[in-house]
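Notes follow once the structure below has been shown.
The values are calculated or read from the model by the stated rules, or taken from the named source; none is laboratory data. In this text the structure is predicted, and so the values were computed from the model without any measurement. When we count neighbours, we look across all protein chains shown, and the Cβ atoms used for this are built from the backbone with ideal geometry, even at glycine.
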Amino acid sequence: QKEVEQNSGPLSVPEGAIASLNCTYSDRVSQSFFWYRQYSGKSPELIMSIYSNGDKEDGRFTAQLNKASQYVSLLIRDSQPSDSATYLCAGQNSGYALNFGKGTSLLVTP
Amino acid sequence: NAGVTQTPKFQVLKTGQSMTLQCAQDMNHNSMYWYRQDPGMGLRLIYYSASEGTTDKGEVPNGYNVSRLNKREFSLRLESAAPSQTSVYFCASSEALTRHWRGLAGADTQYFGPGTRLTVL
């Protein structure tokens, strides 16, 4: 079993709606978590990181971490067509490397 | 600041040829990484360098070698390219060890270069 799991999607939401992206992880990647956005043909760019239980908000984005249930989620409020991309969830243990999920494709329709 | 830069952006090789992918960062980061990204597989770690002078294998190191030339530069070499190495290669860097030494809690963010698209025929 891969250490970080994501549903590959595609997840389709209408413009203005809330997009909810989810990720589960194993014990080996239980320290910090990251959400990256990747447009087609481009490199991953960081949206948010989270390492404490609970919610962390940054503008339209909210990351949620639940260590007891071993899941991390990303909520995108007021979704825009420009949010259409692949969202990568990554976990980091006490070492240095990241373990990535396969990514969830998000499509925001006008 | 340019952040993380990679050369070349595109490359086509024939099976058996060799090449070196170059990566440089200007953020004074200690740690650097090489990933490959294949359709349906996500990003997988090839090698990483926690600090200047050290390198370690990641999830998929076979067929690759790396060199941490100095604090800024980390290169990835394919000695004898194979079609299975057709992929997009990303270099990344982070503070990592600096945060550890300073006792900083929290996440250690990795910053990615623009990638190299490699095709092996």
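If you check B:Q17, B:Q37 for being assigned to a strand (DSSP E or B), modelled with pLDDT of 95 or more and polar (S, T, N, Q), only one passes: B:Q37. Would segment B:50-59 turn up any residue that is within 27 Å of A:Y39 (Cβ to Cβ) and at pLDDT below 95? Yes: one or more hits. A single entry from B:M27, B:M32 fulfils the requirement of being out of contact with any Leu (no Cβ under 8 Å at 6 or more places or on another chain) and surrounded by fewer than 16 Cβ atoms within 10 Å (Cβ to Cβ): B:M27. Here A:D78, A:D83 are screened, and the one residue that is at positive phi, touching a residue at least 40 places away in the same chain (Cβ under 8 Å) and of a type in the set (D, E) is A:D78.
Among the residues making up segment B:2-14, a single one is of a type in the set (A, V, I, L, M, F, W, C) and at pLDDT below 95: B:A2.
Among residues belonging to segment A:23-41 that are at pLDDT below 95 and farther than 21 Å from B:D108 by Cβ, point out the one that is farthest from the other protein chains (Cβ to nearest Cβ). Of everything passing the filter in segment A:23-41, A:T24 is farthest from the other protein chains (Cβ to nearest Cβ).
Got at least one residue in segment B:55-77 being over 10 Å from the mean Cα position of the chain (by Cα), more than 14 Å from chain A (Cβ to nearest Cβ), among the β-branched types (V, I, T) and crowded, with 16+ Cβ neighbours inside 10 Å? No, segment B:55-77 contains no residue that is over 10 Å from the mean Cα position of the chain (by Cα), more than 14 Å from chain A (Cβ to nearest Cβ), among the β-branched types (V, I, T) and crowded, with 16+ Cβ neighbours inside 10 Å. Would you check which residues across segment A:62-102 are modelled with pLDDT under 95, assigned to a loop (DSSP other than H, G, I, E, B) and under 17 Å from A:Y39 (Cβ atoms) and list them? Selection gives A:K102 alone.
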